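The values are calculated or read from the model by the stated rules, or taken from the named source; none is laboratory data. Please read all numbers here as calculations on a predicted model, not as lab measurements. Methodologically, a virtual Cβ is constructed for each residue, glycine included, from the backbone with ideal geometry; neighbour enumeration extends over all protein chains shown. Accessible surface is based on the protein model in full, side chains and every heavy atom, while ligands, DNA and RNA are left aside. Shrake-Rupley method; radii C 1.70, N 1.55, O 1.52, S 1.80 Å.
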Amino acid sequence: MATYNKFHIFVADVARAQHDFSSHILRVALTLTAPTSANSDLANLSQITASNGYPSGGLTASIVDSTQSNGTYRLTLEDVSFTASGGDMPLFRFTSLYNDTASADPLIAFWDFGSTVNITSGNSFTVDFPTTASGVFSIA
């Protein structure tokens, strides 16, 4: 998977209890336009058009683990797979993780895949979240 990039507002949102990673619904949205670390909510992003397998707002990223141990919190997510159907999915380059439960859909992180991704009809692209010791992210 591409390198993790934190949206700056995420730190303040954690401090303000905007996220409950034990119960909130997280989603992955796709965009061709580069997010910036200064973006704060989903409305700041230009998602690809909802069509050919891409639903508006993206897909749910199921939480595998949301725990702390010895003072370090770790979030682990299941991989998310986008499948083009009925035609090619619109091109994208970036994936963004956001909280769909909290008001205004606050952004958490984004990944740049380095080049445009083209999912042709019948094919899939998997957002492969890390399952290493740090998970998607960790807070110590």
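Scanning the range 18-52 for residues being at pLDDT below 95 and open to solvent by 70 Å² or more (accessible area, probe 1.4 Å) gives a total of 2. Being of a type in the set (Lys, Arg) and assigned to a strand (DSSP E or B), is that true of even one residue in the range 7-21? Taking every residue of the range 7-21 in turn, none turns out to be of a type in the set (Lys, Arg) and assigned to a strand (DSSP E or B). If you go through the range 4-17 and keep only what is under 12 Å from the mean Cα position of the chain (by Cα) and open to solvent by 40 Å² or more (accessible area, probe 1.4 Å), you end up with Tyr4, Asn5, Lys6. When we screen Gly114, Gly87 for residues that are small (Gly, Ala, Ser) and either open to solvent by less than 10 Å² (accessible area, probe 1.4 Å) or part of a strand (DSSP E or B) (or both), the only hit is Gly114.
Scan the range 22-42 for residues that are outside any loop (DSSP other than H, G, I, E, B), farther than 15 Å from Ser66 by Cα and not charged (D, E, K, R) and the total you get is 5. When Phe94 is evaluated against the numbered criteria (1) within 17 Å of Ser37 (Cα to Cα); (2) of a type outside the set (D, E, K, R); (3) open to solvent by less than 10 Å² (accessible area, probe 1.4 Å), which criterion, by number, is the only one it fails? Only one criterion in (1) within 17 Å of Ser37 (Cα to Cα); (2) of a type outside the set (D, E, K, R); (3) open to solvent by less than 10 Å² (accessible area, probe 1.4 Å) is unmet by Phe94, namely (3).
When the residues of the range 53-70 are filtered to those that are out of contact with any Pro (no Cβ under 7 Å at 6 or more places or on another chain) and under 15 Å from Met89 (Cα atoms), the one that is most open to solvent (accessible area, probe 1.4 Å) is Ser56. Scanning the range 43-55 for residues that are among the aliphatic types (A, V, I, L, M) and part of a loop (DSSP other than H, G, I, E, B) returns Leu45, Ile48, Ala50.
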